[in-house]
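In what follows, a single structure is set out as structure tokens and then discussed.
The values are calculated or read from the model by the stated rules, or taken from the named source; none is laboratory data. Keep in mind it's a predicted model, so treat the numbers as computed, not measured. FYI the Cβ positions are ideal-geometry reconstructions off the backbone, even for glycines, and counts take in every protein chain you see. Just so you know, the surface numbers come from the protein's heavy atoms only, side chains and all, with ligands and any DNA or RNA stripped out. Shrake-Rupley method; radii C 1.70, N 1.55, O 1.52, S 1.80 Å.
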Amino acid sequence: MTFSNPAIFINDEWITVNQLNQLDRGQQLIYNEGKYGTFLNGTPGLYFSSRNNLLGYSLMLPVLSLPALKLFSLFGEQFRFFIVLLWSLIPIAMVFLVEKYRPKWLKIGEISLKWPVIITAFAFMLLNILLYYPFKFGTWDSPQEVAAVVFTNHILFALTAVAIFLICRYMFKNDWYSVFGTIACMSCSSYLFWAANCKDHMLTVAFTAFVILFMVRYITSGKVLDAFFAFFLMGMLAWARPEVGAAVFVFSLVYYLGYNLYKKENRSEFFRLKIFAPLFTVLGAVPFFINNLYVTGNPLVPTFYVYLQKHLSAVDVNGNVIGSSTINNVSYSVPAPSGGIDSFVNIIQNQMGFQVTTLIYDIFGVLLKPESENIGVGVVCPLLFIGIVILPVLYFRNKSIFSDKDISLIIFLLFAAVAIWAAYFNRIHGMNISHGVIPDIRYMTPAYLPMGLLGIFGVFSVFHKNKNTETINEKKITLAMVASALTVVPLLIIVMIFKHPFGANYGGYTSFFMYLVYIMVFVTIIAFILVEMKIISVKWFIISMVLLVSIPLAWQIVMLFFYSEAKFNGYSFWIPFIENLYDSSITVQKKPL
């Protein structure tokens, strides 16, 4: 919220905000009625014309954003003041919560941070009030729907952070290390950026996080209720992104069956009760089926199927009509596919297709250096490399540091990461070469979480192994991470701005962060090897890890803050002080088309 502005980054977001606009007005939700992506005379622009003027996205994000839009409507043009007030009160509320439940966290030595934080929060609130002006609301051209969706994504971002903290706490049983893991996972992702836009990537990530949370809870506690919740959320995830929900369900089901049938003592209980847990996926997917039925006329055919067919007359040759409404005898969706389940299976088969000839090249391109010159998955989440190097080495050198539950958790995280990759195998060539998949390989955003957790598991294993021979203070490690975010991150951004090592453009900035990540991954792995050989202290490994995690965080800040000017159909920064800072210190030059 601090460095973001509620606006649109890519024109795909027009679909979601139009859905929200029409939902708020009580209109049909299949055919685009305008406001965004439409000319003043009501003619659809090129984007919607190429899509037959259809709204083929899931309704999940618009439905979740409706309460935010209704809340903003209570304040009218002053809804920005509500945001400023909320932003100012959050740190104060956090102070009192920490004081009640974790009072030691508010102290550095004997110095209490309570009143400095409260006074600073009030000072910024007064400063923002002095610089404040309202946002336009309720007019034909006011983008309040954009603000509502972005605000909802902010909430989903916060819930994701909570879920990651809880996942780490269940896995590692250490609060400070859980904070460390949360900061590291959120830093090694693009979540800051997508939380400030109207795409559904943050929504997908949030539900993926809670699926992982309840699966981790099930593995660590064995409570069948956790398994029920995990599979229920997989059904909800299918509503957000059908391809991700389906892939996560299949891989989780395989893992779940293997995990419960591997041990003989689990089998009798499994066949009594636990075997029914996967059925809760169907219950969680009920909104998904209803959404499909409304748009495509078939509960098993996802809404995006409308973009795979041309719009047809309201009645096809077989007399089938789909969609809840027609306009000028034209049904603005697609005919219900014949065959029911067979059609569903065909869609799944098409989804899993890929180009065999370029598969290996595309995988490495998406992971390391996409041909499109966007930033690769491994650059955004270098924790993946740390995990896949450290965990096998430690396991084969000293299996005793891993319990049976540790092994089960690591295998599940591997399954979760592979599931996301499998969901987009049919698009992997496009993700490698497409200039429209920006700024990162955005379809892969849910994969950052399990990949990041694997890396954190590896780092924790290094700490755990060396704890008996060296003093490792989890609190100091976490504070070092915070200190790096406040010092190293700004320093990297300053170097990038004033030196332009690879050019003063998007491609140059991407290369700057990419090569920095490569260097620090190499340094961190060398540090790990030297620690294993007892040549250096584990503290050097910690330093290298903290610096490594800071690089993707700096990239996120650059994309979130400096590229805010590239956004459209929205407002300026939520926070007046930040808006004033940007306007007075940042100069943007736009190249002519």
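Values computed for the structure shown
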| item | result |
| --- | --- |
| Scan of segment 28-77 for residues that are under 28 Å from Val286 (Cα atoms) and basic (Lys, Arg), ordered by number | Arg51, Lys70 |
| Residue in segment 61-74 that is more than 24 Å from Ala240 (Cβ to Cβ) and not β-branched (Val, Ile, Thr) present | yes |
| Residue satisfying condition, being assigned to a loop (DSSP other than H, G, I, E, B) and of a type in the set (A, V, I, L, M, F, W, C), within set Trp555, Trp540, Trp574 | Trp574 |
| Exclusive hit being closer than 24 Å to Met94 by Cα and assigned to a helix (DSSP H, G or I), set Tyr218, Tyr170 | Tyr170 |
| Residue match in segment 182-204 (condition: open to solvent by 10 Å² or more (accessible area, probe 1.4 Å) and more than 18 Å from the chain's Cα centre (by Cα)) | no |
| When residues of segment 133-157 are limited to those that are exposed (fewer than 15 other Cβ atoms within 10 Å of the Cβ) and of a type in the set (Ser, Thr, Tyr), the one modelled with the highest pLDDT | Tyr133 |
| Sole residue being open to solvent by 40 Å² or more (accessible area, probe 1.4 Å) and modelled with pLDDT of 90 or more, chosen from Thr469, Thr487 | Thr487 |
| Search result, residues across segment 537-557 that are in contact with a Pro (Cβ under 9 Å, 6 or more places away or on another chain) and of a type outside the set (Phe, Trp, Tyr) | Leu548, Val549, Ile551, Pro552, Ala554, Ile557 |
| Hey, Gly235 open to solvent by less than 10 Å² (accessible area, probe 1.4 Å) and in contact with a Gly (Cβ under 6 Å, 6 or more places away or on another chain) or not | yes |
| Residue satisfying all of: in segment 497-524; under 30 Å from His464 (Cβ atoms) and under 27 Å from the mean Cα position of the chain (by Cα); surrounded by the most Cβ atoms within 10 Å (Cβ to Cβ) among these | Thr524 |
| Considering residues of segment 213-227 that are over 15 Å from Val418 (Cβ atoms) and either at pLDDT 95 or above or charged (D, E, K, R) (or both) only, the residue nearest to the chain's Cα centre (by Cα) | Leu213 |
| Unmet requirement for Thr160, which otherwise passes all of (1) of a type in the set (Ser, Thr, Tyr); (2) open to solvent by 10 Å² or more (accessible area, probe 1.4 Å); (3) under 13 Å from the mean Cα position of the chain (by Cα) | (2) |
| Flag for Thr208 being open to solvent by less than 30 Å² (accessible area, probe 1.4 Å), in contact (Cβ under 8 Å) with a residue 12 or more places away in the chain and within 22 Å of Val98 (Cα to Cα) | no |
| Residue match in segment 59-78 (condition: part of a strand (DSSP E or B) and closer than 20 Å to Lys199 by Cβ) | no |
| Test: Leu261 is open to solvent by 60 Å² or more (accessible area, probe 1.4 Å), assigned to a helix (DSSP H, G or I), free of Cβ contacts under 8 Å to residues at least 24 places away in the same chain and among the aliphatic types (A, V, I, L, M) | yes |
| Residue identified as buried (at least 18 other Cβ atoms within 10 Å of the Cβ), farther than 30 Å from Trp115 by Cβ and without any contact (Cβ under 8 Å) to a residue 12 or more places away in the chain among Thr43, Thr16, Thr38 | Thr38 |
| One residue from Leu130, Leu97, Leu113, Leu86 being at pLDDT 90 or above, open to solvent by 50 Å² or more (accessible area, probe 1.4 Å) and over 25 Å from Phe568 (Cα atoms) | Leu130 |
| Filter result for Thr478 (of a type in the set (Ser, Thr, Tyr), touching a helix residue (DSSP H, G or I) at 6+ places or on another chain (Cβ under 8 Å), closer than 26 Å to Thr182 by Cβ and part of a helix (DSSP H, G or I)) | yes |
| Hey, Phe48 assigned to a helix (DSSP H, G or I), more than 23 Å from the chain's Cα centre (by Cα), within 30 Å of Leu300 (Cα to Cα) and at pLDDT below 90 or not | yes |
| Unmet criterion (only one of (1) surrounded by 22 or more Cβ atoms within 10 Å (Cβ to Cβ); (2) farther than 30 Å from Asn128 by Cβ) for Met559 | (2) |
| Criterion: modelled with pLDDT of 90 or more and of a type in the set (A, V, I, L, M) - qualifying residue of Ile543, Ile497 | Ile543 |
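For every residue, the table says whether it meets (1) assigned to a loop (DSSP other than H, G, I, E, B); (2) open to solvent by 10 Å² or more (accessible area, probe 1.4 Å); (3) modelled with pLDDT of 90 or more.
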| position | (1), (2), (3) |
| --- | --- |
| Glu371 | yes, yes, no |
| Gly378 | no, no, yes |
| Gly387 | no, no, yes |
| Phe396 | no, yes, no |
| Ile407 | no, yes, yes |
| Leu414 | no, yes, yes |
| Ala419 | no, no, yes |
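Here is a yes/no grid of residues against (1) assigned to a helix (DSSP H, G or I); (2) under 23 Å from Phe568 (Cα atoms); (3) touching a Leu at 6+ places or on another chain (Cβ under 6 Å):
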site: Pro134; (1), (2), (3): no, yes, no
site: Asp141; (1), (2), (3): no, yes, no
site: Thr152; (1), (2), (3): yes, yes, yes
site: Phe210; (1), (2), (3): yes, no, yes
site: Phe214; (1), (2), (3): yes, no, no
site: Leu237; (1), (2), (3): yes, no, no
